[in-house]
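Please read the structure below before turning to the comments.
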Amino acid sequence: MAPATARDTRPSSSLDLDVTRLPGIGLESKKLLERLEIRTIGDLLWHLPARYDDFSKYRPLRALVANQKQTAIAVIGRMTQRRTARGQLLTEAELFEEDGTPSDVRASWFGRSFVKETHREGERVRLSGDVKWVGRSLQFSQPALERADAEAVHTGRLVPIYRLTEGLKAGQVRRWLHTAIEGGPRRTAIVGEVPDLLPAQVRERHRLPDIASALRQVHFPDDTARLLAARRRLAFDELLVLQLALAQRRERWRAQAKAMPLVAADDALGRWTAALPFTLTGAQGRVIEQIRADLARRVPMSRLLEGDVGSGKTVVAALAARIAAASGAQTALMAPTELLAEQHARSLAALFGNEGPTHALLTSSVTGEPRRRILAGLADGSIDVVVGTHALVEEAVAFDRLGLAVVDEQHRFGVRQRSTFREKGDGLDPHLLLTTATPIPQTLNQTIYRDLDISVIDELPAGRLPIITHLRTPDQLAKVWEGVRLAVERGQQAFVVTPRIDPDDTGGEELPSAIATERDLGRGELRGLRLALMHGRMAAKERDDVMRRFAAREIDVLVATTVIEVGIDIPNATVMVILGADRFGLAQLHQLRGRVGRGADRAYCVLVSDASESARLAAMVEQKEGRPLNGFELAMRDLEIRGAGEFLGTRQSGAPELRIVDLADVDPQLIDETAREADRTLASDPSLERPDHELLAGAVDQLWRRYALA
Ligand code: ADP
Ligand code: MG
């Protein structure tokens, strides 16, 4: 954000100059840099190191150890160059200790003719790099090399490692940045021209270095402490701008919000709950009261409903829709797939009973006259609830009085999601309810989801037995199919999930496919049972038909791909067999397992895989208090296994891509500090009009434009 702002507001700064104005960058390099989206000197300054090599500690040659990166000061002895058997140029140098004492240590380089051209015997140099055994002596292999009296850029310090592109050399990029940061012999450093977003008193309050020294230390750190302080400063800027943007949006919404208050009388709500086929859990009851209180206000609800798979989120949404309908408002219930939309439509029919709200299913397979009727009914208000996919409802539907939007199983909370619906309701802001089975990291709750209220269903419906999970290898499958047969004989149903659709698709012989598995089981181990196939290449209508037959118990065993991953609800299904289980992610496995164990009968999940050492599969069979790990616990495991960065990729979360900060993995303390600073700044200057806020305002603007967050 910062460099872009600088460009916008200070067109005459050297930061805007083309990179070729920096000594050493020619047209060739310019083209390569463009691939990294570096066009100006300012862009280059914001090309931050991906990591560092710590070459800051010196060792005498005699104290070097093998298989470590190290730095030494040495005197170059005899240098030789020759071609290896494979035709590569090999340069070798003998090395003496700093004081001239001979040593066994040598240095060698492949392909680097310039080493011999630019250095000579007797020269004192600094070498940094890998040290290895070669024969019976230690060698620096491909070390970076600088004259000992030259400024340390590539050796003898914390050395920055930059993201490169083919054709660019690490040493080149580092040299260019060094020039921009430290200046050449006769020029002043360009880094001094980077404007500081932060007013001085904010910097002081949070003990942050100024921007020029922060950038200098991030590229060429004096030591680790200063590097960390510099990174904290850059992260602070980024988070502060994000917090300001979000706070301003929140304020704008609050000021402009015009939601319909939706209310239902106690006795009406009591009647609806009593008519349900089950008693609500305590958690469901509590959550419904929270939602009910929100709906009654003129401020639009923004609530996230978190609950593990099978915790019963659908009925909560259905009751919210009922409250809306009772107040004369329409509800849009959006699911991620057509299959789920179809299932929700069936659930609503069951939950609403006969005298409930009128509802309709709108998917791409509803066409012609029925479709026209539904669209007309939504436009004139005669249909209370529409169920469809996100895309469909967002794009194609006009409502008479949209009062409530429910977004089911939305893991990709686009930051812009909410604004989409704000425009739907003919001058009204619908209340918004998002549901998810994926817990959201605290750091996101404090930033991009800070304006979401959160309700949690932390209790499964009573009478559920914990699912029993087994790990099996493919050669134990005969036993597994026997188990499936037994379940079917008890009148229950089973899922068999495979990692791919067609045996002819890529993946090798071994990888189970839905088509081959269904065919083979039907002829073999599960002969005589009623099998069916479902996968993503079947038409939506066909899939719906299979699903309906499975729900009606006309099918015993459904062989499928992950199309059934999310949300499918068949309480009579008690066995989930997952073939090639190591091919699935932990969240996926948890979702798949959640398809069974939804009724009163004992349910089983069998993970079939050769990969006995998989940490994910181990997490799936881990027990806690006599039950498998729940969604939240598994998400934490996933975090341990995969590392924080990957847990919630920014793309997946719909969060802006920040330069320094990984929102899934940032210090919560810093988030808190920036949130408070943003509130404080806006309290005194709500539209960021003060001159000392000019640069901040520019950066916020830039963020809006980049991500269309508004
Ligand atoms: P999810 O939270 O995963 O969306 P669902 O809403 O699909 O879960 O509910 C899972 C199953 O549990 C459904 O079959 C539903 O009818 C049933 N269910 C929901 N609430 C209760 C309850 N309080 N008691 C018993 N069964 C319930
Ligand atoms: Mg659900």
Inset, instruction - Working only within the range 571-619, note down all residues that are within 10 Å of ligand 1 (Cβ to nearest atom) and either assigned to a helix (DSSP H, G or I) or buried (at least 21 other Cβ atoms within 10 Å of the Cβ) (or both). - result: Q591, G594, R595, G597, R598
Inset, instruction - Return the residue satisfying two criteria in turn: it lies in the range 283-308 and is under 22 Å from R254 (Cβ atoms), within 32 Å of the chain's Cα centre (by Cα) and among the basic types (K, R), and of such residues it is surrounded by the fewest Cβ atoms within 10 Å (Cβ to Cβ). - result: R292
Legend entry - Count of the range 336-363 residues which are more than 16 Å from ligand 1 (Cβ to nearest atom) and either touching a residue at least 40 places away in the same chain (Cβ under 8 Å) or within 19 Å of L305 (Cα to Cα) (or both): 2
Inset, instruction - Could you identify the single residue in L177, L197, L227 that is of a type in the set (A, V, I, L, M, F, W, C), assigned to a loop (DSSP other than H, G, I, E, B) and crowded, with 17+ Cβ neighbours inside 10 Å? - result: L197
Inset, instruction - Would you be able to tell me the number of residues in the range 518-548 that are of a type in the set (D, E, K, R), assigned to a loop (DSSP other than H, G, I, E, B) and under 21 Å from D475 (Cβ atoms)? - result: 2
Legend entry - Conditions (1) within 16 Å of ligand 1 (Cβ to nearest atom); (2) surrounded by fewer than 21 Cβ atoms within 10 Å (Cβ to Cβ); (3) modelled with pLDDT of 85 or more: number failed by R371: (1)
Inset, instruction - Would you check if there is a residue in the range 558-573 being within 28 Å of the chain's Cα centre (by Cα) and modelled with pLDDT of 90 or more? - result: yes
Legend entry - Residues that are more than 9 Å from ligand 1 (Cβ to nearest atom) and either without any contact (Cβ under 8 Å) to a residue 24 or more places away in the chain or in a loop (DSSP other than H, G, I, E, B) (or both), drawn from the range 557-570: T561, E565
Inset, instruction - Can you confirm whether the range 321-335 contains a residue that is out of contact with any strand residue (DSSP E or B) (no Cβ under 7 Å at 6 or more places or on another chain) and free of Cβ contacts under 8 Å to residues at least 60 places away in the same chain? - result: yes
Inset, instruction - For F399, indicate whether it is touching a helix residue (DSSP H, G or I) at 6+ places or on another chain (Cβ under 8 Å), of a type in the set (A, V, I, L, M, F, W, C), at pLDDT below 95 and farther than 27 Å from V309 by Cα. - result: yes
Inset, instruction - Given the conditions (1) closer than 28 Å to P49 by Cβ; (2) within 16 Å of ligand 1 (Cβ to nearest atom); (3) among the polar types (S, T, N, Q), report the number of the one that T273 does not fulfil. - result: (1)
Legend entry - Among the residues listed as L589, L526, L579, the single one being within 29 Å of L465 (Cα to Cα) and touching a Ser or Thr at 6+ places or on another chain (Cβ under 6 Å): L579
Legend entry - Residues (part of a loop (DSSP other than H, G, I, E, B) and charged (D, E, K, R)) located in the range 620-632: E622, E625
Legend entry - Which numbered condition T331 fails, given (1) of a type in the set (S, T, Y); (2) crowded, with 18+ Cβ neighbours inside 10 Å; (3) within 15 Å of ligand 1 (Cβ to nearest atom): (3)
Legend entry - F550, sole failed condition from (1) within 16 Å of ligand 1 (Cβ to nearest atom); (2) under 31 Å from the mean Cα position of the chain (by Cα); (3) buried (at least 24 other Cβ atoms within 10 Å of the Cβ): (2)
Legend entry - Top-ranked residue of the range 247-282 - restricted to ones that are assigned to a loop (DSSP other than H, G, I, E, B) and β-branched (V, I, T), ranked as surrounded by the fewest Cβ atoms within 10 Å (Cβ to Cβ): T279
Legend entry - Pick from the range 353-368, criterion crowded, with 17+ Cβ neighbours inside 10 Å, closer than 28 Å to R271 by Cβ and modelled with pLDDT of 90 or more, ranking: nearest to the chain's Cα centre (by Cα): L361
Inset, instruction - Go through the range 64-94 and give me each residue that's touching a Gly at 6+ places or on another chain (Cβ under 8 Å), of a type in the set (A, V, I, L, M) and free of Cβ contacts under 8 Å to residues at least 40 places away in the same chain. - result: L89, A93
Inset, instruction - Tell me which residues, restricted to the range 148-174, are among the hydrophobic types (A, V, I, L, M, F, W, C) and assigned to a loop (DSSP other than H, G, I, E, B). - result: A148, A150, A152, V153, L164, L168
Legend entry - Selected residue [touching a residue at least 40 places away in the same chain (Cβ under 8 Å) and of a type in the set (G, A, S)] from A532, A551: A551
Inset, instruction - Filter the range 274-289 down to the residues that are modelled with pLDDT under 95 and closer than 19 Å to A326 by Cβ, then identify the one that is farthest from ligand 2 (Cβ to nearest atom). - result: A274
Legend entry - Selection status of L208, part of a loop (DSSP other than H, G, I, E, B) and either among the aliphatic types (A, V, I, L, M) or surrounded by 20 or more Cβ atoms within 10 Å (Cβ to Cβ) (or both): yes
Inset, instruction - Spot the failing condition for A379; the list is (1) at pLDDT 70 or above; (2) touching a helix residue (DSSP H, G or I) at 6+ places or on another chain (Cβ under 9 Å), and only one is missed. - result: (2)
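The values are calculated or read from the model by the stated rules, or taken from the named source; none is laboratory data. If you're wondering where the values come from, they're calculated on a predicted model, not measured in any experiment. For neighbour counting, all protein chains shown are included, and Cβ atoms are generated from backbone atoms with ideal geometry for every residue, glycine included.
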